[in-house]
Structure formats: C-alpha cells, structure tokens
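Below is one structure, written out as structure tokens, with a few remarks after it.
Bear in mind that the values in this text are calculations on the coordinates, not laboratory data. None of these values were measured; they are calculated from a predicted model. Counting neighbours? That spans all protein chains shown, and the Cβs are built from the backbone with ideal geometry, glycine included.
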Amino acid sequence: MKAIDLVSKTEELISPGISACVGCNVELSLRVVMRVLGPNTILAVPPGCMGGVGVVGWDMKSGAKVPVFFPLLDNPASMLAGIKLHYDRLGEDVNVVAFAGDGATVDAGFQCLSGAAERGDKIIYICYDNEGYMNTGYQRSGSTTKGAWTSTTPVNKEGIGGKMQNKKDFPMIMAMHDIPYMATANPAYVQDMVNKIEKAKQVDNGLAYIHIFNPCITGWGVKSEESIEVARLAVQSNFAPLYEVENGNFKLNMNPRNPKPVKEYLQKIKKFSHLTDEDIEELQADTDKKWNRLVNLASL
Amino acid sequence: MKFKSKYIVPVGADGIYEIDTGKWRTERPVMDKDKCIECGICAMYCPVFSIIKEDEKYIITYDYCKGCGICVHECPKDAIDMIPEEGK
Ligand SMILES: Cc1ncc(C[n+]2csc(CCOP(=O)(O)OP(=O)(O)O)c2C)c(N)n1
Ligand code: SF4
Ligand code: SF4
Ligand code: SF4
Ligand SMILES: [Mg+2]
C-alpha cells in the first residue's frame, strides 16, 4: 500500500472527531495504523491519551468502527492473548491489536507484554511513545528522555531539574525477546510505517511489536504545525532511529549520510529549553553510542 | 443491551462517539490551486484525515479540521495558507 493512497483507498475506522490536541501526531499514527489493518481487527486501547480522547467511546457509543476494548494500564497484552486464543480455537483469523502508550507499555504493562512475547502469543502490540504519562498531566515515565522537564521532574528558575535517569531503550528490549518482528516507526515517515504494519499483519508465529516515536504537542511544548517536523528531526539526528528486526536480523530503514546534530531536534522542544551545552553534549554522546551499537547489530 | 459486532466484543450500541472538532479552529487552511501540484503530502500528514481526494484533486474539508497548520507547514509548494476564522 502506498502511503499517499491511504486517504483515497482505505477506510477510516476511527471516529472522525476525537478530542486529541490540535496537531497530535498520535492521532495521525492511530488513523494510519487502523487504515492499514482494516476492519478485520479487534483493538485494545488502555487508559492514556488515545483512550481519553474518545477512541474507546463513552457510555454506549464507541470511538472506533471495530470492536474496541479499554483494558487496564497494566494488562493489555495478556487480555489480548486470551482473545486471540479464543478466535484461534474458532478457526477465525482476526488481527488482535493493542495501541498503547509508553506508560502502559514500558512501565505498567511490561510484565504482561514480556510474557506474551515470550509465549509467542499472536498479537500485534503497538506502543505510541510520547515519553510520559500525558493523559494524566505529563508525568515522567521510563521512556522519558534524560534531562526533560515533566510535571514530576520540575525545573527551577535557575534551570536546575529535569529527569535524572536515561530513557529505557524499549525497542531493543523487545527485540531481545527474540520475537518474529520488532520495528520502530515515526509519523514523519508514513510509508515506512505502512510497510511495517503490513509486515506485522503477516506474522503468524508469535508477537509483532511496533514502537512509534510520537513527539507530544502539549506535554513537550511543540508548535502544532511543527508536529511532523520535530518527529522527522528525531530520525534525521539518529535520536530515534528507524529500524526493524525480523527473526533476529537487524536492518536500518534510514541511515542519514550526514546526521543532524541532536541539538537541532532538542531546540524545537520546550521541555528541553533549560538544558545546558553540557547536557546537550551528553545527549549527543548517548545518541552516538546507541546509534553505533545499532549499526554494529545491523552489520552482523 | 444490544451490541453490533460479529465478535464477542462490542461495538457501541448507540453508534459512534464523535465531537465537532471543526469548532475548535481559530484559523482555517485554504489551498491555492494555482500553486498546488496534487502531490497529496498535506493529506498524508493531516492528523484528522480532513484533506480528501476527489476527481484526482485534493480538497480540504472543514467539518473536523482542527486548524493545526501541519498541512501548511508540510506542503512543498507553499500552496496552503492559514486565514483567521471569522469571529475568533
Ligand atoms: C495502574 C494504573 N495507574 C494509574 C492509572 C492512571 N492513568 C490513566 S492514563 C495514565 C497515563 C498513561 O500513560 P501512557 O500509557 O504513556 O499514555 P499517554 O497518556 O501518554 O497517552 C495514567 C497514569 C491507571 N489507569 N492505572
Ligand atoms: S497530550 Fe500529547 S499525545 Fe496526548 S493528545 Fe495531546 S498532543 Fe496528543
Ligand atoms: S501538499 Fe501542497 S502541493 Fe501537495 S497536494 Fe497538498 S496543497 Fe497541493
Ligand atoms: S489544519 Fe491540520 S487538521 Fe486542518 S486540514 Fe490542515 S493538517 Fe488537517
Ligand atoms: Mg505516554
């Protein structure tokens, strides 16, 4: 499927009016994901922005045109594993899919996701990583970048503060589960995202995991019109590389010849506005180290 | 309680929940067809899928467009402008 044809050749399966922030690229990602997956899909959206903006619906109304669950923050993967088994037993082939935030994925729901990955449950698990518990007021998560302002890692008037720990390298953690398919994605690279959802859909021998990097307009302080540009800069600077791991083989999907300085990405985001040159150098060094590790894995 | 679904999980009995996000707009994107090359990039990045393709031409619809300005920013031909919404 060509990304440019999504709008004319696929069906919209999410309510046309959901209350995601103006310019939210998670909304874009969810619509793309569902357009590619199609109507033969059962969706689970745990508490978080996408649940909160109405994708699971309110009262007796649904926010999606496919069956959609509202699992707990801590159990989307195990709930879907059971649902998938039920349909396997009936002999019905249906995409069973989680669209979950980073809080639900890298922190709260990790043990059940890890279990499903290890057992080889045939579900598609998509994490939208907006680097924090955004729906409840922008708290830090294990996926928040070091140094970032969040409501639980405040910054004082002298510019001291921000998160003190590193971002969990979650795509790598999932890759190391030796699942059949693991990929990173980004809303600025829609064709790449479409290809990866199509691949995940084909997997029939275990769990497929996709990690989407989604800069958050409201929680990070990004201009709504720059929503896609900031996401693109994260790839162009190697801060959030695009890669996939198929049956243990790493492949880079984007290998910028002249990567931009991470500073160009950081500068567009208010949550990093207090960072000193040294802080930025540290993030650059960390980015370089992780990128080199990835290049090495891809050359094996 | 009646649910519409061939699956064991429900789809809303009372239909689809939606809100008028078009009312949020303070500015509206307007396309200049003299500059537009019909590349579709604006439509691909619109988070609301408000830009549709009709008779091989891209057009902006306003029922749900939130006025984010992504289409303006991403258009390679500068063919879209934001103009203030009346009364806002
Ligand atoms: C066990 C548990 N703790 C706390 C909450 C409250 N809660 C609801 S949504 C949410 C944020 C989830 O963050 P994330 O999964 O990253 O999604 P986002 O809001 O960023 O879209 C929290 C903490 C909850 N629902 N369950
Ligand atoms: S808080 Fe961030 S992720 Fe949540 S709806 Fe708003 S822009 Fe999207
Ligand atoms: S991005 Fe610009 S040139 Fe391309 S279809 Fe949209 S308005 Fe036309
Ligand atoms: S302003 Fe935003 S919501 Fe409106 S058409 Fe452009 S991209 Fe879509
Ligand atoms: Mg989050």
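In the structure shown, the pairs A:Lys168/A:Lys263; B:Lys33/B:Lys77; A:Lys2/A:Lys61; A:Lys260/A:Lys290; A:Lys196/A:Lys271; A:Lys263/B:Lys66 are assessed against 22 Å; a Cα-Cα span above that value is assigned to A:Lys2/A:Lys61; A:Lys196/A:Lys271; A:Lys263/B:Lys66. Each residue in A:Ser227, A:Ser29, A:Ser237, A:Ser273 was given a count of other beta-carbon atoms within 10 angstrom of its own, and listing them fewest first yields A:Ser273, A:Ser237, A:Ser29, A:Ser227. Here the dipole of chain A is about 240 debye; that uses its Cα centre as origin and unit charges on the Cβ of Lys and Arg (positive) and Asp and Glu (negative). For the pair A:Gln191 and A:Asp178 in one chain, pulling the backbone fully straight at 0.36 nm per residue adds 2.2 nm over the alpha carbon distance.
Ranking A:Val22, A:Gln111, A:His177 by how far each Cα lies toward the positive end of the dipole of chain A (charges on Cβ) leaves A:Val22 at the top. Residues whose amide H lies under 5 Å from that of A:Gly101, counting only those 5 or more places away or on a different chain, are A:Tyr128; hydrogens are built 1.01 Å from N in the peptide plane. Per the Kirkwood formula applied to alpha carbons, segment A:112-197 shows a radius of gyration over Rh ratio, Rg over Rh, of 1.06.
Note on chain A: GNM, Cα springs under 10 Å; of A:Asn156, A:Asn214, A:Asn75, the largest mean-square fluctuation is that of A:Asn156.
Taking the convex hull of the alpha carbon positions in the protein assembly as shown and averaging its projected area over all directions gives 20.1 nm².
Residues whose amide H falls under 5 Å from that of B:Ile51, counting only those 5 or more places apart or on a different chain, are B:Thr61, with hydrogens built in the peptide plane.
Over the protein assembly as shown, what is the percentage of antiparallel beta bridges among all DSSP beta bridges, to the nearest 5? In the protein assembly as shown, approximately 50 percent of DSSP beta bridges are antiparallel ones.
Distance between the modelled labels on A:Glu282 and A:Asp5, one decimal in nanometres: 4.9 nm (7 Å Cα→Cβ projection).
The phi torsions of segment A:87-98, fed into the Karplus equation with coefficients 6.51, -1.76 and 1.60 and a -60° offset, translate into couplings of 6, 4, 5, 6, x, 9, 8, 9, 6, 10, 10, 9 Hz, rounded to whole numbers, with Gly and Pro shown as x. Taking the charge dipole of segment A:3-299 about its Cα centre, with +1 at Lys and Arg Cβ atoms and -1 at Asp and Glu Cβ atoms, the residue from A:Gly221, A:Thr145, A:Asn40 reaching farthest to the positive side is A:Gly221.
Over all Cα atoms in segment A:55-203, the spread is summed up by Rg and Dmax: 17.1, 62 Å.
Phi-derived couplings, Karplus 6.51 cos²θ - 1.76 cosθ + 1.60 at θ = phi - 60°, listed residue by residue for segment A:115-128: x, 5, 5, 5, 6, x, 4, 8, 10, 9, 10, 10, 9, 9 Hz, with x used for Gly and Pro.
Shape summary of segment A:207-251, radius of gyration then Dmax from alpha carbon positions: 13.2, 39 Å. Residues considered: A:Tyr209, A:Tyr265, A:Tyr125. Largest GNM mean-square fluctuation over chain A, using C-alpha springs under 10 Å, is found at A:Tyr265. Between B:Glu54 and B:Lys88, the modelled label-to-label distance comes to 2.1 nm, taking each label 7 Å out from Cα in the direction of the beta carbon.
Computed over chain B with a Gaussian network model linking Cα atoms closer than 10 Å, the most mobile of B:Asp34, B:Asp20, B:Asp78 is B:Asp34.
The long axis of helix A:25-37 is offset from the longest Cα principal axis of chain A by roughly 30 degrees. With 0.36 nm allotted per residue and the present C-alpha distance subtracted, the A:Glu12-A:Asp88 stretch has 24.7 nm of extension available. DSSP bridge analysis restricted to segment A:128-265 gives an antiparallel fraction near 60%, rounded to the nearest 5.
Taking the Cα centre of each part, how many Å lie between segment A:35-54 and segment A:280-295? If you average the Cα positions of each part, the centres end up 33 Å apart. For segment B:19-84, would you read off the P(r) tail past 19 Å as a percentage of all alpha carbon pairs? More than 19 Å apart: 22 percent of the Cα pairs in segment B:19-84.
Computed 3J(HN,Hα) for segment B:22-34, one whole-Hz value per residue from the Karplus formula 6.51 cos²θ - 1.76 cosθ + 1.60 where θ = phi - 60°, is x, 6, 6, 4, 9, 9, 10, x, 10, 8, 9, 5, 5, glycine and proline marked x. Rounded to the nearest 20, the size of the Cβ-charge dipole of segment A:15-158 about its Cα centre is 220 debye, with Lys and Arg at +1 and Asp and Glu at -1.
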